[in-house]
Each structure stands twice: as C-alpha cells, then as structure tokens.
Protein chains: 2
Amino acid sequence: MVEKLPPITLKAIGIVRTGVTQRPEQGWQKVVSDIVINGSLTEALDGLEEFSHIIVLYWMHQATSREAPLKIHPRGRKELPLTGFFATRSPNRPNRIGKATVRLLQRQGNILRVEGLDAIDGTPVIDIKPYLPGYDAPTNAKVAPWITEYC
Amino acid sequence: MVEKLPPITLKAIGIVRTGVTQRPEQGWQKVVSDIVINGSLTEALDGLEEFSHIIVLYWMHQATSREAPLKIHPRGRKELPLTGFFATRSPNRPNRIGKATVRLLQRQGNILRVEGLDAIDGTPVIDIKPYLPGYDAPTNAKVAPWITEYC
C-alpha cells in the first residue's frame, strides 16, 4: 500500500548562502550562514525573530544519487557498527531531507542569519519552523551507545 | 535565484496507521500509532530500537491545497497575534512537511509503534531519523510569548 502513494513535489523556498563548500574539519557549530528566502514569502517570516532557534529543513542536494545501501557504517567510520540508514543521520537516504535546529542571529527582510547550520553553500531550503522546546525536545531521551563516539 | 531551483520529488517510505482520523480534543500526547515502512526498507531500520525517541517527517496531505495566506492567527485562534506562517507550525505552508519527535515504543520488522505522533490515519511518511539530544535540542531556547498560550 505504501508503494501506491503518489509522488510528492516540493519547491525550494530559499537557498543557503555561506562561504562553506564542504564539511569544516572543526564541525559546523560556529559556521554563520544566510538563508535567503524567496522574496514573495518575506511576510511569512514575520514573528520568527521572537524565537532564538529555528528548525531548517533542507535538501541535501550533494548526497550521492545512487540508491542508498540499507546498512552503513555511520560517517563511513568502520569502527562504528553497521546500522540501518534510518537509524543514522546519513544524507544517503530515499528522501534526502536534512533537519537542523540552529540559532537565529538576525532576520533582515527575507534573509535569516543563522549559526550552526550544517549545509553547504547553495543548499535548497524547503521549510522553516520555530523551535518549540516543549514540543521538539522530549526529556530523558536514550541514544544508541555508538552515538557518544559520533557527535 | 531561488525561483530557478528545480522541483524536488519525494516518495513516501511509509504510512501512518492509527484509529485517529482528526485532531483529538485532548491532544496527541497519548495517541499510539503504527508507522508501516515499505517492506523493501525493513533492514534500513536496524539499530533504530536503540533510541528511545525518533524524528518523523511526514506529509500533511490533508492541509488545504490552496495557497497559504502569508500571515495567520495560529490554530485559527483570533486572540493569538497575526503571525507569518514560517513562525508557526501550521500545516498550510508551501511544502507541507510535518516534523514530530515521538517516543518509539516498539519496532517489529517494518512496523514502528510510536506514542505522540500528531498525524492522522493514512498520513504518508517521508523520513525517519534518530533523535539526538546533543544535536536536536539546543539549550536556553527562547520562544515567542504567544507560544505559552498555544502548547
């Protein structure tokens, strides 16, 4: 029955602008990026500046387009266990949507300046949502043991 | 330049099965649902059972298909301020992707039993990710004042 669901079409609502063109060695935490939203949607950002953090959904356009193997070593690190890709954050998955929660430094018109977005220059953005700790951050979450070596 | 980005096509990887066909009066927190993943992807779920919580991206297929007004009263409640839709979690947005973080009660083959998923029966699922508090839950997040009346 899942196979029979019709395909879904998305349109980018913005694009990431940053000097970063590949994963920085020291990680993404301090990377500052601009998200340039389609000008026709500027007004839809009104009120976002009242939130300190936002959720960014983006399209990982540089992930390989060949079919993802069902199980992988996270980040290609052979010392981490072979794991189904749905149990990792690998970009090589059927729908290559990335989800990041980042600090909103500034909103100016249709441009959102953010810190910590792990997306390279030119990445298409497909949604922006306010981060709501009471809804988005359950307490006492348990993770797989290999995660401590990963983050 | 945003306008020139090519459209993106998604394929559902699963479907929500639950007795719930509309938003319950008492909220979604206690609703138990099954996410039935496409059988060909079963192995890609291996390792997910080591996480207590997962992120579900789903397609809010019942949102109105007419173009979203740029500013809305959250949940249609006139006492809440007129707010750009990107500053709300309204389903009426250009790309109708919902993002929920839910408790994983059980994984059995290609079926994930979860608690708290705010999606009605038949909702197409487009991605599953492990919830990583160190990455997904920033500390000291500030929200708009109207949120306290909303959640």
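Side notes on the structure shown:
- Given (1) over 17 Å from the mean Cα position of the chain (by Cα); (2) outside any helix (DSSP H, G or I), index of the condition A:D127 fails: (1)
- Looking only at residues in the range B:62-90 that are buried (at least 17 other Cβ atoms within 10 Å of the Cβ) and within 22 Å of B:T21 (Cβ to Cβ), the one that is nearest to the other protein chains (Cβ to nearest Cβ) is B:R89.
- Per-region count, the range B:21-39, residues over 15 Å from the mean Cα position of the chain (by Cα) and under 21 Å from B:Q106 (Cβ atoms): 5
- Where a residue in the range B:69-82 is free of Cβ contacts under 8 Å to residues at least 40 places away in the same chain and its partner, wherever it lies, is of a type in the set (K, R), with Cβ under 8 Å and at least six apart: B:L82/B:K71
- Residues of the range B:136-151 that are without any contact (Cβ under 8 Å) to a residue 12 or more places away in the chain and either surrounded by 18 or more Cβ atoms within 10 Å (Cβ to Cβ) or acidic (D, E) (or both): B:A137, B:P138, B:A141, B:V143, B:I147.
Quick grid of which residues meet (1) part of a helix (DSSP H, G or I); (2) among the hydrophobic types (A, V, I, L, M, F, W, C):
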{"position": "A:V16", "(1), (2)": "no, yes"}
{"position": "A:V20", "(1), (2)": "no, yes"}
{"position": "A:P24", "(1), (2)": "no, no"}
{"position": "A:W28", "(1), (2)": "no, yes"}
{"position": "A:D34", "(1), (2)": "no, no"}
{"position": "A:T42", "(1), (2)": "yes, no"}
{"position": "A:L57", "(1), (2)": "no, yes"}
{"position": "A:T64", "(1), (2)": "no, no"}
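- In the range A:93-119, the residues that are crowded, with 19+ Cβ neighbours inside 10 Å, among the β-branched types (V, I, T) and more than 24 Å from B:D118 (Cβ to Cβ): A:V114
- The single condition among (1) at the interface with chain B (Cβ under 9 Å from one of its Cβ atoms); (2) over 24 Å from B:T83 (Cα atoms); (3) touching a residue at least 12 places away in the same chain (Cβ under 8 Å); (4) part of a strand (DSSP E or B) that A:T9 does not meet is (3).
- Of the candidates B:I120, B:I55, the single residue that is under 26 Å from B:Q26 (Cα atoms), at the interface with chain A (Cβ under 7 Å from one of its Cβ atoms), in contact (Cβ under 8 Å) with a residue 60 or more places away in the chain and in contact with a Ser or Thr (Cβ under 7 Å, 6 or more places away or on another chain) is B:I55.
None of the figures in this text is laboratory data; all of them are computed from the coordinates on show. Being a predicted model, the structure only gives us computed values, none of them experimental. All Cβ positions, glycine included, derive from the backbone under ideal geometry; neighbour counts span all protein chains shown.
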